[in-house]
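**Student:** So that we are looking at the same thing, I have put the structure below in structure tokens.
The values are calculated or read from the model by the stated rules, or taken from the named source; none is laboratory data. Source: prediction; values computed, not measured. Cβ: placed from backbone, ideal geometry, glycine included. Neighbour counts: every protein chain shown. Ligands, DNA and RNA are stripped out before the accessible areas are found, and what is left, the full protein with its side chains, is counted by its heavy atoms. Shrake-Rupley method; radii C 1.70, N 1.55, O 1.52, S 1.80 Å.
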Amino acid sequence: MNRGMGWSLIRFWTFLVYIFMFLPVAVVVLLSFNASEFGAFPMSGLSFRWFVELARNEAILRAFQTSMILGALTALISTTIGVLASLALIRYKVPGQNLISTILIAPILVPEVVLAVALLLFLNALSINKSFALLLAGHVIFTLPFVILVVQARLVSIRRDVEEAAMSLGASPIQTFFSITLPLLLPAVLAGGLFAFTISFDDITGTLFWKPGGVETVPTQIFAMLRNSISPEINALGTVMIALTVGLPLLGLAIARRMSANSGG
Amino acid sequence: MGVEAREARQPWILLSPALVAITLLLFVPLGFILVYSFWLRTATGADVAGFHLDNWAEALTDRFYRDILLNTLKIAAITTVVCAVAGYPAAYFIARSNRNKGFLLLLLMLPFWVSYIIRTMSWINILGVSGALNSLLLWMGLIDEPLAMLYNEATVILGLVHFLMPFMILNVFVSVDGIDQNLESAANSLGATRVQTFISVTLPLSLPGLAAGGLLCFVLAAGTYITPLVLGGPRDAMFANLVFEAIITQLNWPLGSALSLMLLAVLGALVLVYNHFLGMAQLMKGMG
């Protein structure tokens, strides 16, 4: 199809936009392998020394551990609550569905700073101080809408007649759920869980309000390190995070494809 | 209890954990800070309960807060316009490209997975005194001294555009992708030029996506406080920085409550206007 000059221009523009989105991130990865003492150009050779330094840095390792535990717990709670709510919205006719949907995504519509302030001050009034529990509650509440959106989108495509067949063959609702519905749901559950994990792992805005003194997650640790200057170590940490947060979802995507291919969907 | 009654109760059992969590951890706290914003924080750090308008008077009349609020809205507006103007052609290209659509979409999703703080600080590697651009210019002999390009309002906007561009492109893409291409062919066969077809058919039909992307960009940009801290100078504070200062640094929680609610009111009004004209469904499409 001949689409002319205009089309070529648009294609070139799109190319530039993608360069704009990816180049700075690529530079982070490139510089993390920089052998020189300073995290800057010109590069003096390739080296893994900053990754080794990273593995020896106690503060970063602690932050990593905190982020992993926080992300995993957030994903677990958020996905459980979110899948239940999504099931209700997709499988049942609920009166006031629009209002309920709006309430469920309200945490995204409220600016995160406001959400952070409100939760911090309210729980403080209930004598729940800055703590891991507050951090977890905050992360659950703002990942929940994303989980519900993702899971709902996947649920729509799951056919209901298989469940009905199981029920009509004498399976109880609970048997049906665990042997039919849950396996079919699994890709949606995994997708929601991964999404919640990455959002939690990445969060800094709310986390800075909620975290107790001395506790750092990976993003707040990077933020604190930036106060001094940008070091090759930060770039190395960035590369590890990119590998983790890009690699995990891609892996999840591949697994989900695999599973839906196996189940003949 | 009859089968029907149980059927009717089931969805509420499934929904209740989510609804209870959001009520207890979002709506009740928001109500709480509304009440709290009328309290007073004394110099000794004690709260005085009651109905005092002092915090609101300070938040609404102090020039300092007003100027920063206006500046924050200005930065958010510029960011949104740049995202729209730069992102629209890219979204259009993705929607209309036949072969690489899936690949381009996957690439577009990748930045969502790369940490926000990493993407923001990555610009220091590019624009810093010993960053890529200065090194390049020095090497080419165009400059003798590194230029100070970082830590101003322009780099704050740059960081925000970089962060929010995928949101805009994705929303416009969903809209353009949903347009029946027969409409464009029909306009063409009736003698409209490509430009005429775009202006009178494609662009109007893609406005809902553009509006959804615009709303997301504006609200997220106006609520940010990390980007100005990382890429801005000392004078580039945005409104959310004031909230953080009041709450975390000064520990003046009643004032911080009033400032938070001010931000919520301004951005909430925007969401309501959007909801009135376009409804929330469009916003869901882009995010799902």
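**Student:** Being open to solvent by less than 10 Å² (accessible area, probe 1.4 Å) and of a type outside the set (Gly, Ala, Ser) is the filter here; which residues of segment A:112-139 pass it?
**Tutor:** A:113, A:114, A:115, A:117, A:119, A:120, A:121, A:134, A:135, A:139
**Student:** Check whether at least one residue in segment A:177-188 is surrounded by 12 or more Cβ atoms within 10 Å (Cβ to Cβ), under 17 Å from the mean Cα position of the chain (by Cα), under 25 Å from residue A:97 (Cβ atoms) and not polar (S, T, N, Q), and report yes or no.
**Tutor:** yes
**Student:** Any idea which of B:272, B:267 is over 18 Å from residue B:164 (Cβ atoms), part of a helix (DSSP H, G or I) and either of a type outside the set (Lys, Arg) or open to solvent by 50 Å² or more (accessible area, probe 1.4 Å) (or both)?
**Tutor:** B:272
**Student:** Continuing with this model, one more query. Is it true that residue A:25 is farther than 23 Å from residue A:245 by Cβ and within 23 Å of the chain's Cα centre (by Cα)?
**Tutor:** no
**Student:** Name the residue, out of B:149, B:121, B:165, that is under 30 Å from residue B:236 (Cβ atoms) and touching a Cys at 6+ places or on another chain (Cβ under 8 Å).
**Tutor:** Just a single option satisfies the conditions, and that option is B:165.
**Student:** Another question, then. If you go through segment B:227-236 one residue at a time, do you hit one that is out of contact with any Phe, Trp or Tyr (no Cβ under 9 Å at 6 or more places or on another chain), modelled with pLDDT of 95 or more and either part of a helix (DSSP H, G or I) or surrounded by fewer than 16 Cβ atoms within 10 Å (Cβ to Cβ) (or both)?
**Tutor:** yes
**Student:** Exactly one of (1) within 12 Å of another protein chain (Cβ to nearest Cβ); (2) in contact with a Lys or Arg (Cβ under 9 Å, 6 or more places away or on another chain) is unmet by residue B:230. Its number?
**Tutor:** Tallying (1) within 12 Å of another protein chain (Cβ to nearest Cβ); (2) in contact with a Lys or Arg (Cβ under 9 Å, 6 or more places away or on another chain), residue B:230 fails exactly one: (2).
**Student:** Does residue A:142 satisfy the criteria of being surrounded by fewer than 18 Cβ atoms within 10 Å (Cβ to Cβ), touching an Asp or Glu at 6+ places or on another chain (Cβ under 9 Å) and either at negative phi or within 11 Å of chain B (Cβ to nearest Cβ) (or both)?
**Tutor:** Against the criterion (surrounded by fewer than 18 Cβ atoms within 10 Å (Cβ to Cβ), touching an Asp or Glu at 6+ places or on another chain (Cβ under 9 Å) and either at negative phi or within 11 Å of chain B (Cβ to nearest Cβ) (or both)), residue A:142 does not qualify.
**Student:** Here's another thing I want to ask about it. Restricting to segment B:246-264, give me the number of residues that are surrounded by fewer than 19 Cβ atoms within 10 Å (Cβ to Cβ) and under 18 Å from residue A:115 (Cβ atoms).
**Tutor:** 1
**Student:** Sticking with this one: Please list, ordered by residue number, the helices (runs of 4 or more DSSP H) wholly in segment B:33-134 having 2 or more residues that are among the charged types (D, E, K, R).
**Tutor:** Fully inside segment B:33-134 and qualifying: B:54-61, B:63-96.
**Student:** I've got another one for you. Pairs needed: first member in segment A:148-171, acidic (Asp, Glu); second member anywhere, part of a loop (DSSP other than H, G, I, E, B); C-beta distance under 9 Å; at least 6 residues apart or different chains.
**Tutor:** Matching pairs, first to second residue: A:163/A:171.
**Student:** Further question: For the subset of segment A:157-176 comprising residues that are closer than 14 Å to residue A:87 by Cα and either small (Gly, Ala, Ser) or in contact with a Leu (Cβ under 6 Å, 6 or more places away or on another chain) (or both), which member is least open to solvent (accessible area, probe 1.4 Å)?
**Tutor:** Among those that are closer than 14 Å to residue A:87 by Cα and either small (Gly, Ala, Ser) or in contact with a Leu (Cβ under 6 Å, 6 or more places away or on another chain) (or both), it is A:158.
**Student:** Where the second residue is part of a loop (DSSP other than H, G, I, E, B) and not aliphatic (A, V, I, L, M) and the first is in contact (Cβ under 8 Å) with a residue 60 or more places away in the chain and open to solvent by 80 Å² or more (accessible area, probe 1.4 Å) and lies in segment B:139-151, which pairs have Cβ atoms under 7 Å and are six or more apart or on separate chains?
**Tutor:** Once the first residue is in contact (Cβ under 8 Å) with a residue 60 or more places away in the chain and open to solvent by 80 Å² or more (accessible area, probe 1.4 Å) and sits in segment B:139-151, its partners that are part of a loop (DSSP other than H, G, I, E, B) and not aliphatic (A, V, I, L, M) give B:151/B:232; B:151/B:233.
**Student:** Would you kindly identify the helices (runs of 4 or more DSSP H) lying entirely within segment A:54-130 that contain at least 1 residues that are closer than 20 Å to residue A:248 by Cα and among the hydrophobic types (A, V, I, L, M, F, W, C)?
**Tutor:** Per the criteria, A:58-91.
Residue-wise test of (1) farther than 30 Å from residue A:234 by Cα; (2) of a type outside the set (A, V, I, L, M).
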site: B:99; (1), (2): yes, yes
site: B:110; (1), (2): no, no
site: B:120; (1), (2): no, yes
site: B:136; (1), (2): no, no
site: B:148; (1), (2): no, no
site: B:163; (1), (2): no, yes
site: B:178; (1), (2): yes, yes
site: B:190; (1), (2): yes, no
site: B:193; (1), (2): yes, yes
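**Student:** Can you confirm whether segment B:108-116 contains a residue that is more than 28 Å from residue A:247 (Cα to Cα), within 12 Å of chain A (Cβ to nearest Cβ) and surrounded by fewer than 19 Cβ atoms within 10 Å (Cβ to Cβ)?
**Tutor:** No, that holds for no residue.
**Student:** Return the total of residues in segment B:48-81 being open to solvent by 60 Å² or more (accessible area, probe 1.4 Å) and touching a residue at least 40 places away in the same chain (Cβ under 8 Å).
**Tutor:** The number of residues fulfilling the criteria is 3.
**Student:** If residue A:221 satisfies every condition in (1) touching a Leu at 6+ places or on another chain (Cβ under 7 Å); (2) open to solvent by less than 40 Å² (accessible area, probe 1.4 Å) but one, which is the exception?
**Tutor:** For residue A:221, the failing item is (1).
**Student:** Could I ask something else about it? Going through A:247, A:252, A:192 one at a time, which residue ends up being in contact with a Leu (Cβ under 7 Å, 6 or more places away or on another chain), closer than 16 Å to residue A:71 by Cβ and not aliphatic (A, V, I, L, M)?
**Tutor:** Of A:247, A:252, A:192, the one residue that is in contact with a Leu (Cβ under 7 Å, 6 or more places away or on another chain), closer than 16 Å to residue A:71 by Cβ and not aliphatic (A, V, I, L, M) is A:252.
**Student:** Looking at segment B:195-211, I want the residues that are within 14 Å of chain A (Cβ to nearest Cβ) and have a partner that is open to solvent by 80 Å² or more (accessible area, probe 1.4 Å) with Cβ atoms under 9 Å, at least 6 apart or on another chain. Which pairs are those?
**Tutor:** Here the result reads B:197/B:183; B:202/B:183, each pair linking segment B:195-211 to a residue that is open to solvent by 80 Å² or more (accessible area, probe 1.4 Å).
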